[in-house]
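What follows is a set of notes on a single structure, which appears directly below.
The values are calculated or read from the model by the stated rules, or taken from the named source; none is laboratory data. Quick caveat, the model's predicted, so the values are computed rather than measured. Cβ: placed from backbone, ideal geometry, glycine included. Neighbour counts: every protein chain shown. Heavy atoms of the whole protein, side chains included, go into the accessibility calculation; ligands, DNA and RNA do not. Shrake-Rupley method; radii C 1.70, N 1.55, O 1.52, S 1.80 Å.
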Amino acid sequence: MNNTWIILGATSSMARAFARAVSDRGDGVLLCGRDMADLKASAVDCAARGAPIAEALAFDARDPKSFQPIIDRALREDGQLHVSVFVGSMPPQDAVDADPSLIAGVVTDSYTGPATFLQRIAPELEARGGATVVGVGSVAGDRGRIGNYVYGSAKAGFHTYLSGLRNRLTRAGGHVVTVKPGFSDTAMTWGLEGMFLVASPEKIAEDILRAVDKKKDVLYTPFFWRYIMGIIKAIPERVFKKLSV
Ligand SMILES: NC(=O)c1ccc[n+]([C@@H]2O[C@H](COP(=O)([O-])OP(=O)(O)OC[C@H]3O[C@@H](n4cnc5c(N)ncnc54)[C@H](OP(=O)(O)O)[C@@H]3O)[C@@H](O)[C@H]2O)c1
C-alpha cells in the first residue's frame, strides 16, 4: 500500500531528516510550511531519494485558511495517509515577559494551530484506518521552568491533545506517537546558552522513525531524557520553585 506523509513544519532540520528517511523507504511526502523556496528544494531531494510524490505546500499555523488545501491535496492520494507535526516557536522568555502578547503566537504555533489541523483531518484518518500521527512536543512540556514556561505550557497542551487523539485514532486502527526531544542543534536553539547533551536532528529523526515502526506511544529522544525528566518531575514543588534548572 502507498504511504503518504503530510509533514507540517517541513523546513525544520528534524523534519527534513525525517522526510529524507521516509523518502528512502519509498513513501510520498507533502512538505508543508512557510518558506516555499526551501520546501521546493527539499522536495527535489526527497524525489531523488525515491519518494513517489514530493510536493511543497503552503502552511501557516496562524492562518487556518491554509489548512484545507493541504487536506484536499492529501486526499487525492490513494493508500495510507500519515501526519507529522514539527511546527513550534520559542521566543526567549524575557521577550515574552516584556511583551505578553507574544504568548498567543507561541501557543498557536506549538499547539492550537497543529491541533486544529489534526482535528480537521482526523475523520479522514479514521475512515482510512492505519494512520500514524507523529506530534513533536518537548521535554519542556513536562514541567514549567523559569527559562521557558510559556513555550513549555504550549507543548504540555499539545501533549495532552495528542494523548486524547491517540485514544480516538487507536479505535480506528491508527496510532499517535508523542515525541519529546531534549536539546537538539537546530535553528530554534541557535546561539542559546546552557544547552547540554545536544543531539543531532538526524538522530532525533531516526528515533522517531523507529518509534513509528514499533508503535511507541511516547518517545523521549535521546532515550536518557526519560530518566532526566523523571528526576526533574519528582522534585517537590517547594524545592523546584527555587531552582533554575
Ligand atoms: N531544537 C530543540 O532543542 C528542540 C527541543 C525540543 C523540541 N523541539 C521541537 O522540535 C520541533 C522542530 O524544531 P527545530 O528544533 O527543528 O526548530 P525550527 O527549525 O525552528 O523548526 C520549527 C518549525 O516550525 C515552523 N513554524 C514556526 N511557526 C510557524 C507557523 N506559524 N506556521 C508554520 N510553520 C511554523 C518553522 O517554520 P519556518 O522555517 O518558516 O520558521 C520550522 O519549520 C519544534 O516543534 C520544536 O518545538 C526542538
> Give me the pairs: first residue in the stretch 184-210 and more than 16 Å from A21 (Cβ to Cβ), second residue of a type in the set (D, E, K, R) and open to solvent by 90 Å² or more (accessible area, probe 1.4 Å), beta-carbon distance under 9 Å, and six or more apart or on different chains, which are they?
Replying inline: M195/D185; V198/D185
> Name the residues in the stretch 131-149 that are touching a residue at least 60 places away in the same chain (Cβ under 8 Å), more than 16 Å from the ligand (Cβ to nearest atom) and of a type outside the set (S, T, Y), would you?
Replying inline: I146
>> Anything in the stretch 197-245 that is over 23 Å from T160 (Cβ atoms) and basic (K, R)? List them, or say none.
In response: K203, R210, R238, K242
> For the stretch 106-114, does any single residue satisfy the condition of being under 21 Å from I208 (Cβ atoms), of a type in the set (F, W, Y) and within 9 Å of the ligand (Cβ to nearest atom)?
Replying inline: no
>> When you check G152 against the structure, is it more than 17 Å from D109 (Cβ to Cβ) and more than 7 Å from the ligand (Cβ to nearest atom), yes or no?
In response: no
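For (1) charged (D, E, K, R); (2) closer than 25 Å to T112 by Cα; (3) crowded, with 16+ Cβ neighbours inside 10 Å, each residue gets a yes or a no:
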| site | (1), (2), (3) |
| --- | --- |
| G9 | no, yes, yes |
| A15 | no, yes, yes |
| R34 | yes, yes, yes |
| V44 | no, no, no |
| A51 | no, no, yes |
| A74 | no, yes, yes |
> For the stretch 128-148, which residues satisfy the criterion of being in a helix (DSSP H, G or I) and modelled with pLDDT under 95?
Replying inline: R128
>> Can you say whether A172 is in contact (Cβ under 8 Å) with a residue 40 or more places away in the chain and assigned to a helix (DSSP H, G or I), as far as the supplied structure shows?
In response: no
> Can you name every residue in the stretch 62-89 that is touching a Leu at 6+ places or on another chain (Cβ under 8 Å) and of a type in the set (G, A, S)?
Replying inline: A74, S84
